[in-house]
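The values are calculated or read from the model by the stated rules, or taken from the named source; none is laboratory data. The model shown is predicted, which means the values in this text are computed figures rather than measured ones. Don't worry about glycine lacking a Cβ; one is built from the backbone with ideal geometry, like all the others, and counts go over all protein chains shown. Keep in mind that these areas ignore ligands, DNA and RNA; they rest on the heavy atoms of the full protein, side chains included. Shrake-Rupley method; radii C 1.70, N 1.55, O 1.52, S 1.80 Å.
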Amino acid sequence: MKDMIEDHRVTAEPWYRPVAEEVALFEAAYAARMPVMLKGPTGCGKTRFVEHMAWRLGKPLVTVACNEDMTASDLVGRFLLDANGTRWQDGPLAFAARHGAICYLDEIVEARQDTTVVIHPLTDGRRVLPLEKKGELLKAHPDFHLVISYNPGYQSLMKDLKQSTKQRFGALDFSWPAAEIEVEIVAHEAGVETATAEKLVAIGARARNLKGHGLDEGVSTRMLVHAGQLIARGVAPIAACTMAITRPITDDMDMRDALDAAVATFF
């Protein structure tokens, strides 16, 4: 089992460009074992931040991509049949709690509310996880830390966290970085020159102004990096932006034309 937890250790530093005080705040929250909630749009760096902090703190990282079909048993664990009969297998949440890892529940609002309530006993002074099917009260390892993320732009009455869940966490807001920082990120991650990164960031800024005016979500930093990676591999800039930015984000022809025009302005 020790080898299994070592498989979750982040061995190489994930590059992350701090934007404000998020690194110091997360370190303080970890020291206090305060659960942390990361709030921000898709592709703004939440997952990379968690990976970086796991590396920085030297802790294993167990990541769960939440979805509407995920049950409490998927998180906590279940009995399985094998050649010798039945055996218990911890779910990722129990596994992280038992072995002192950081457990990252990505896009937690995608999971059903009757599933997410299982985290409650781990997020207060009890720091326990009842394994009811096994008849075990799992006490979390001293190093265990719970981190969740979600995109407030997608929340609705049907998809939101209960107040009883939200108020158990400290929260860090993530958004699009300032232009000069985003240029640095795109240039580093995509391997393009600063001038090219500046054009991509300017396209992203133009597109984000269309959010709520035909676009449900703004162009993410991740999408700008993808476009830059194509350019770095010899793809023509307009073709790269078409593939990585304008086509994935919308199927509306008028909106595509508007985005294509923004791309043509800079390339």
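Figures for the structure shown
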| item | result |
| --- | --- |
| Cβ-derived FRET efficiency at R0 22 Å, residue 9 paired with residue 120, nearest 0.05 | 0.20 |
| Two-site label geometry, residue 137 and residue 34: point separation in nm, points 7 Å out along Cα→Cβ | 2.7 |
| Neighbour cut-off at most 16 other Cβ (10 Å), DSSP loop, trypsin sites (Lys or Arg not before Pro), the stretch 65-114 | 112 |
| Cα-based shape type of the stretch 39-92, given that a ≥ b ≥ c are square roots of the gyration tensor eigenvalues and the cut on a/c is 1.5 | oblate |
| Point-charge dipole on Cβ atoms (K/R +1, D/E -1) for the stretch 1-125, about Cα centre, debye to 20 | 300 |
| DSSP beta bridge pairing in the chain, given as percent antiparallel to the nearest 5 | 40 |
| Part-to-part distance (alpha-carbon centres) for the stretch 1-31 and the stretch 223-244, which is given in Å | 30 |
| Residue 68 - accessible surface, heavy atoms, 1.4 Å probe, Å² rounded to 10 | 110 |
| Histogram of C-alpha separations across the chain, 5 Å bin width, % | 1, 6, 12, 15, 15, 14, 12, 10, 8, 5, 3, 1, 0, 0 |
| Nearest-20 debye value, the chain charge dipole, Cβ charges on Lys, Arg, Asp, Glu | 760 |
| Lysines with Cα under 30 Å of residue 199, excluding same-chain neighbours fewer than 8 positions away | 39, 46, 211 |
| Charge dipole of the chain about the Cα centre (unit charges at C-beta), most positive-ward option of 54, 44, 219 | 54 |
| Heavy-atom accessible surface of the stretch 106-214: percent carbon and sulfur, 1.4 Å | 51 |
| Accessible area expressed per residue, the chain, with surrounding protein chains retained (probe 1.4 Å, Å²) | 50 |
| Candidates 257, 173, 82, ranked by Gaussian network fluctuation over the chain, Cα under 10 Å, top entry | 82 |
